[in-house]
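Asker: Let me give you the structure first, and then I'll get to my questions.
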Amino acid sequence: MMEKYETGYKVVKKQSLVSAIMQGKDYTLQYKVDKWVKPLKDNGPLCIFNTIEDAKNFKWDTHTIYECLYERSLERNVYIKNIERKHLLSLPEGTVLATKVKLMRRIR
């Protein structure tokens, strides 16, 4: 039997656990430790990294990295309320798209 969830790495803002690149209350998603988080209504899949190295390459000083569990998305684009679309190939190296994410433990 194939495992439903995979392990990845999520880069979030240190204090708020909000996605590292999102701005604005209509788009901001707050992640939680040990709780599943899904995209906001009308938004596309969540972005996480496949490897710790790719997460480290993306992280800034105001960010932290969490190991997470995720369910892989079959979608190939990320989008916000169908306004802005980005194909997986245009995202940072090592990005994986997920239908839901659960932060497990802080890495750095």
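The values are calculated or read from the model by the stated rules, or taken from the named source; none is laboratory data. In this text, all values refer to a predicted model and were calculated from it rather than measured experimentally. All Cβ positions, even for glycine, are placed from backbone atoms using ideal geometry, and neighbour counts span all protein chains on display.
Asker: If the Cβ limit is 9 Å and pairs must be 6+ apart or interchain, which residue in region 67-84 that is in contact (Cβ under 8 Å) with a residue 40 or more places away in the chain and on the phi < 0 side of the Ramachandran plot pairs with which residue that is surrounded by fewer than 16 Cβ atoms within 10 Å (Cβ to Cβ) and among the polar types (S, T, N, Q)?
Answerer: Qualifying pairs under 9 Å: GLU67/THR7; CYS68/THR7; LEU69/THR7; TYR70/THR7.
Asker: Of the residues ILE80, ILE48, which is within 20 Å of SER16 (Cβ to Cβ), surrounded by 15 or more Cβ atoms within 10 Å (Cβ to Cβ) and out of contact with any strand residue (DSSP E or B) (no Cβ under 8 Å at 6 or more places or on another chain)?
Answerer: The match here is ILE80.
Asker: Can we say LYS41 is more than 13 Å from the chain's Cα centre (by Cα), charged (D, E, K, R) and in a strand (DSSP E or B)?
Answerer: Against the criterion (more than 13 Å from the chain's Cα centre (by Cα), charged (D, E, K, R) and in a strand (DSSP E or B)), LYS41 does not qualify.
Asker: Take the conditions modelled with pLDDT of 95 or more and of a type in the set (D, E, K, R) and apply them to ARG72. Does it pass?
Answerer: Yes; evaluated as a whole, the condition is true for this residue.
Asker: Need the failing condition index for PRO45 against (1) out of contact with any Ser or Thr (no Cβ under 7 Å at 6 or more places or on another chain); (2) in contact (Cβ under 8 Å) with a residue 24 or more places away in the chain, just the number.
Answerer: Result: PRO45 passes all but (1).
Asker: While we're looking at this one, here's another question. Output the residues belonging to region 51-72 that are part of a strand (DSSP E or B), of a type in the set (A, V, I, L, M, F, W, C) and farther than 14 Å from LEU17 by Cβ.
Answerer: Result: LEU69, single match.
Asker: Moving on to the next point. So, of the residues in region 88-106 that are at pLDDT 95 or above and of a type in the set (A, V, I, L, M), which turns out to be surrounded by the most Cβ atoms within 10 Å (Cβ to Cβ)?
Answerer: VAL101
Asker: For the condition assigned to a strand (DSSP E or B), of a type in the set (Ser, Thr, Tyr) and either under 13 Å from VAL12 (Cα atoms) or in contact (Cβ under 8 Å) with a residue 24 or more places away in the chain (or both), what is the one hit in THR99, THR28?
Answerer: Testing whether each residue is assigned to a strand (DSSP E or B), of a type in the set (Ser, Thr, Tyr) and either under 13 Å from VAL12 (Cα atoms) or in contact (Cβ under 8 Å) with a residue 24 or more places away in the chain (or both) leaves just THR99.
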